[in-house]
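So the structure is just underneath, and the comments pick up after that.
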Amino acid sequence: MQKPDENPDHCFLQSAAQGDKQAFGILYERYLTEIYRYVFFKVGDQQTAEDITEETFIKTWQSLSRIYQGDGKIDNFRAWLYRIAKNLVVDFYRKNHTESFVQPSEPAKLKSIEETAIEQEQSNRILCALQKMKPDFQQIIILRLINDLSHKEIAAILGLNEGHSRILLYRALKNLKELL
């Protein structure tokens with residue numbers, strides 16, 4: 001467990017919970033890109049990813065004051081954000097009755113236009129292989145390899161212990177290797 005002075009978000013969280021929009025804006029800027037990237041790789045559609053990311057931050061803003069008023073606190077804001085985003089992605093799929101991962105309409109957009117055709121092909125192969133994996137495997141690969149989260153953070157997001165998170169990643173990578 002982090003002590004408040006070890007948590008870079010602690011001061012901003014307290015201020016945001018008291019209604020400080022600038023403090024929340026700092027947290028928003030800090031985590032926007034990685035939350036969007038996580039959601040995008042889960043839903044595969046830019047507009048849907050933007051909508052879910054926006055909803056993640058709205059729910060976060062709305063929940064902060066309730067949590068801190070109830071004498072609670074958030075030990076790991078980053079993990080809490082990911083958990084909210086994960087739940088919204090699950091809700092999205094429940095509502096739309098689709099598979100847990102869809103093919104992006106334009107997978108080449110994952111790379112800039114200046115990227116080479118070889119890099120695009122490799123990205124598309126990885127994306128296609130990722131689609132064939134179980135949702136748990138997809139999620140842990142996205143969290144660890146794309147968003148570069150630690151095993152401790154992944155465990156907090158997924159509600160697992162750290163050792164199980166490592167085992168799950170190992171199995172997911174083995175599965176990805178077989179698919180490639």
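The values are calculated or read from the model by the stated rules, or taken from the named source; none is laboratory data. The model shown is predicted, which means the values in this text are computed figures rather than measured ones. Here the Cβ positions follow ideal geometry from the backbone for every residue, glycine too, while neighbour counts run over all protein chains shown. Note: areas computed on protein heavy atoms with side chains; ligands, DNA, RNA excluded. Shrake-Rupley method; radii C 1.70, N 1.55, O 1.52, S 1.80 Å.
Calculated FRET efficiency, Q18 and N87, Cβ-Cβ r, R0 25 Å, to nearest 0.05? Computed FRET efficiency for Q18 and N87 comes out at 0.50.
On the basis of the beta-carbon distance and an R0 of 22 Å, R171 and C128 show a calculated FRET efficiency of 0.70. Measuring with a 1.4 angstrom probe and ignoring ligands and nucleic acids, V89 comes out at about 10 Å² accessible.
Give K21/K42; K59/K174; K73/K174 a once-over and call out the pairs whose C-alpha atoms are over 32 Å from each other. Those over the limit are K59/K174; K73/K174. Computed 3J(HN,Hα) for region 16-32, one whole-Hz value per residue from the Karplus formula 6.51 cos²θ - 1.76 cosθ + 1.60 where θ = phi - 60°, is 5, 5, 8, x, 6, 5, 5, 5, 5, x, 5, 5, 4, 5, 5, 10, 4, glycine and proline marked x. The phi torsions of region 43-52, fed into the Karplus equation with coefficients 6.51, -1.76 and 1.60 and a -60° offset, translate into couplings of 9, x, 9, 4, 5, 5, 4, 5, 5, 5 Hz, rounded to whole numbers, with Gly and Pro shown as x.
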